[in-house]
Protein chains: 2
Amino acid sequence: MKTKAKTLPAKPVPVPARYRARAEIVKALGHPTRLMMVDRLAAGECCVCELQKLAGADMSTVSKHLAVLKRAGILENEKRGLKVFYRLSCPCLTDFFGCIEGVLRKRAGRLAAEL
Amino acid sequence: MKTKAKTLPAKPVPVPARYRARAEIVKALGHPTRLMMVDRLAAGECCVCELQKLAGADMSTVSKHLAVLKRAGILENEKRGLKVFYRLSCPCLTDFFGCIEGVLRKRAGRLAAEL
DNA sequence: TTCATATTTGGCAATTTAGCCAAGCAGATG
DNA sequence: CATCTGCTTGGCTAAATTGCCAAATATGAA
């Protein structure tokens, strides 16, 4: 006989690796400071100290954010003299923001409509 | 006189609202299960129970993931009879993945080159 | 009304993440 | 060599996130 479950008891199917890999990248981008740095880097490589000024945060904090983005494969870096320069590993990230802005506009429209 | 700081003492400039708003959306997308559900919804609306089967997770977990996506403005929902149907609020999310895949390919290439 | 189905919500423990300070390290410069 | 600059790392605490269970809610059917 078959026992009738109240609610499907959550058979734990692992999420496909494809989505786990994508999520790693998206997650790395999901922070205001990191997003701002990526936006700056879309205009060309720059050193950590410049990014620090831009972010207005502690140098160690900036460095850790950069490490997150690098680990995700979003940035590459290179040391020249005393400075370390970071750049986008993939130029497509430039238009990545277009879609995000689309969601924002849509959301703004909805909020406006609710007034 | 001006005291010389060892390292710039992290003058705490707030990150512009633009990036905070964007990060909210990106963060909402930064989870394997949520990414999978968004991918499914890019093919057309569907009900929570179908997404649950797809995700293979607890119903309450799926529901909370959907709430995160809705709060971010990524999804809309509508109740019809017993079921609740979710859909993308912005079709652009469909090509959003193109860029992410670009980063993945680039990363795969780099890893392969390191062997 | 009573029951079943579909979904949301509250609560909670385990894990992860963020940001600060202090310390470390490598390259340049005196 | 000693010292400065630019950056990274370790350690720590506070806060956020995840996922499960149990309970609540809403709609439809008997």
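The values are calculated or read from the model by the stated rules, or taken from the named source; none is laboratory data. This structure is a prediction, so every number in the text was calculated from the model and none was measured. So basically every Cβ, Gly included, is an ideal-geometry build from the backbone, and we count neighbours across all protein chains shown.
Points worth noting:
- Scan region A:34-45 for residues that are of a type in the set (Lys, Arg) and more than 13 Å from DNA strand C (Cβ to nearest atom) and the total you get is 1.
- From the list B:Leu8, B:Leu69, the lone residue that is crowded, with 18+ Cβ neighbours inside 10 Å and either touching a strand residue (DSSP E or B) at 6+ places or on another chain (Cβ under 7 Å) or at pLDDT below 95 (or both) is B:Leu69.
- Contacts under 9 angstrom Cβ, first residue in region A:64-77 being closer than 14 Å to A:Glu24 by Cβ, partner within 10 Å of DNA strand C (Cβ to nearest atom) and among the basic types (Lys, Arg), 6 or more apart: A:Val68/A:Lys27; A:Val68/A:Arg34; A:Leu69/A:Arg34; A:Ala72/A:Lys27; A:Ile74/A:Arg34
- Annotation: of all residues in region B:46-93 being among the hydroxyl-bearing types (Ser, Thr, Tyr) and at the interface with chain A (Cβ under 9 Å from one of its Cβ atoms), the one that is nearest to DNA strand C (Cβ to nearest atom) is B:Ser60.
- Flag for A:Ser89 being in contact with a helix residue (DSSP H, G or I) (Cβ under 9 Å, 6 or more places away or on another chain), among the polar types (S, T, N, Q), modelled with pLDDT under 95 and over 30 Å from B:Lys53 (Cβ atoms): yes
- Taken together, the residues in region B:17-74 that are on the phi > 0 side of the Ramachandran plot and either within 13 Å of DNA strand D (Cβ to nearest atom) or touching a helix residue (DSSP H, G or I) at 6+ places or on another chain (Cβ under 8 Å) (or both) amount to 2.
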